[in-house]
1. Taking the range B:102-126 as the search range and keeping residues that are of a type in the set (A, V, I, L, M, F, W, C) and at pLDDT 95 or above, which one is nearest to residue B:45 (Cα to Cα)?
2. Among B:71, B:28, which is among the charged types (D, E, K, R) and part of a loop (DSSP other than H, G, I, E, B)?
3. Which members of the range B:249-264 meet the condition of being under 19 Å from the mean Cα position of the chain (by Cα) and part of a helix (DSSP H, G or I)?
4. Can you work out which of the residues in the range A:21-50 that are over 12 Å from the mean Cα position of the chain (by Cα) and more than 11 Å from chain B (Cβ to nearest Cβ) is farthest from residue B:272 (Cα to Cα)?
5. List the number of the failed condition for residue B:316; all other conditions in (1) farther than 21 Å from residue B:300 by Cα; (2) away from every other protein chain (no Cβ under 14 Å) hold.
6. Taking residue B:57 as meeting all but one of (1) touching a residue at least 40 places away in the same chain (Cβ under 8 Å); (2) closer than 27 Å to residue B:91 by Cα; (3) small (Gly, Ala, Ser), write down the number of the exception.
7. Taking the condition of being part of a loop (DSSP other than H, G, I, E, B) and either more than 14 Å from chain B (Cβ to nearest Cβ) or closer than 19 Å to residue A:21 by Cβ (or both), how many residues in the range A:54-72 meet it?
Amino acid sequence: MNDIDERIVALVADISGEDEVAEERDLDLFEERILDSMAAIELLVAIKDEFGVSIAPTELDREEMNTVNKIIARVKERL
Amino acid sequence: MDFFTEPAFFVLLVPIVLVAAALGLTERPLGHYGCAVSLAMLYLLFFRSVPALVYASCYLVASVLLYRWVRTLFTRDDPNKMRGYYLALAAQIAPLVLYKIGVLFKPDFPGFLGISYITFKAVQAIIETRDGLIKDMSCGEYLYFLSFFPTFTSGPILRSRPFVADVRANLSRMDYLDRLYRGIGWFVLGAAYKFVGSAIAQWGMWFVPSVVGAPALKWLVTVLFYGLDLFFDFAGYSDMAMGLGLVLGIEVPRNFNLPFLATDIKEFWDRWHMSLSTWLRDFVFMRFSRFAMERKLFPSRHITACVGFGINMTLMGLWHGITPDYFVYGLYHGALLAGYHYYQQTSKFYKKHRRERWYQVVSWVITMLAVFFGFALFGGYVVSPLLS
């Protein structure tokens, strides 16, 4: 548990309006309809804002960022 | 020769598919063959009109040169690369914009069939070259990508990276056989949609209103069948294109995924004309949102998203043509998406009930009413009659 993880969880929770993402970080966000494609874009923009990490919207496949843990991993790879 | 409608097109497909299958099943690469066939088919598409043939050829060549120039700027890390990038984007989009405006004043304004779809593809390639995602696509591969005949006239909108990966893949016989089977399946389904589904919907559109009396009911029935026809016709084209693509070894993205099952308007756009909605999402909505958030143009992220939806969908509407009907259609869907987005973000009622069965049924009914009203706008059943 560290700061980056917490901030990403907060971002996902804020954008999706679902708090359960904090508890279940391997939940498939798209399958569970917690994120849709537009919200995923919002998330990329928010990540750029928060961490300065720029991920082009077409850079990653959905399977590469469909859970909170995967999103955290993708951000950390680029920090 | 028109694609997917003229008998000559379907006759020509027989040898094209047989040779492709022979190459694929003997594990030979399909790229050169597919490219040659595509260029020959484009010649047949345009040969009856010399201006269109010349325009389309020049457009293809100019696009390839433009791509090569942008790629050189970014691989060399040229100090003026961003200026070059914006210049290239403007040059790439200008013919389509000029055409859409030009036809308002002069119906035979220069253009060619497929100019919209080729513009989408070329713009994606330029933007992703800037993003550093496209580095080694050759000019030949790019020419094949732009001219790929199954999707040339009516989509789905291809993306260059998966396309090039497919062209380069050395498919084993089993892998090719899998694509061939799926390709034939999609093609047959598409043909059934187009020639049976769409035909029935068109029949319903003139027959049923002729036997019902009340004008309001006539309007409702016409719109209902019009919407169904829109779906069967377009999904039919798309699925046939997908099938042909697979036979040539290319995975063409799916354009329609049971759109009438959508239980909310966002889901509808994840299922309807998906290659266009995802393109707009990636290259308009996303770029706009990032631009607006970096400059803090709006007080909150939700408002940015709402404005983004509005711009995105209005552009989508106008892309079909600069007319009051399409403009209002785009605006309408932008407003629906923005409104629904706001509701999703703020409504406690939504959060409490959204997973319940009854809620989903009600939401589905409302979504379908909204969607079919959208079709009525698109088909000119609302705005045009009001204006005239």
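1. B:118
2. Criteria check complete, one pass: B:28.
3. B:259, B:260
4. A:23
5. For residue B:316, the exception is condition (2).
6. Every listed condition holds for residue B:57 apart from (1).
7. Selection size over the range A:54-72: 5.
One line per residue, one yes/no per condition, for (1) outside the structural domain of residue B:274 (by TED's automatic domain parsing); (2) surrounded by fewer than 14 Cβ atoms within 10 Å (Cβ to Cβ); (3) not in a helix (DSSP H, G or I); (4) not hydroxyl-bearing (Ser, Thr, Tyr):
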{"residue": "B:154", "(1), (2), (3), (4)": "yes, no, yes, no"}
{"residue": "B:158", "(1), (2), (3), (4)": "yes, no, yes, yes"}
{"residue": "B:161", "(1), (2), (3), (4)": "yes, no, no, yes"}
{"residue": "B:184", "(1), (2), (3), (4)": "yes, no, no, yes"}
{"residue": "B:198", "(1), (2), (3), (4)": "yes, no, no, no"}
{"residue": "B:201", "(1), (2), (3), (4)": "yes, no, no, yes"}
{"residue": "B:204", "(1), (2), (3), (4)": "yes, no, no, yes"}
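The values are calculated or read from the model by the stated rules, or taken from the named source; none is laboratory data. What you see is a predicted model; the values in this text were computed from it and never measured. No Cβ is skipped: glycine too gets one built from the backbone with ideal geometry, and neighbour counts run over all protein chains shown.
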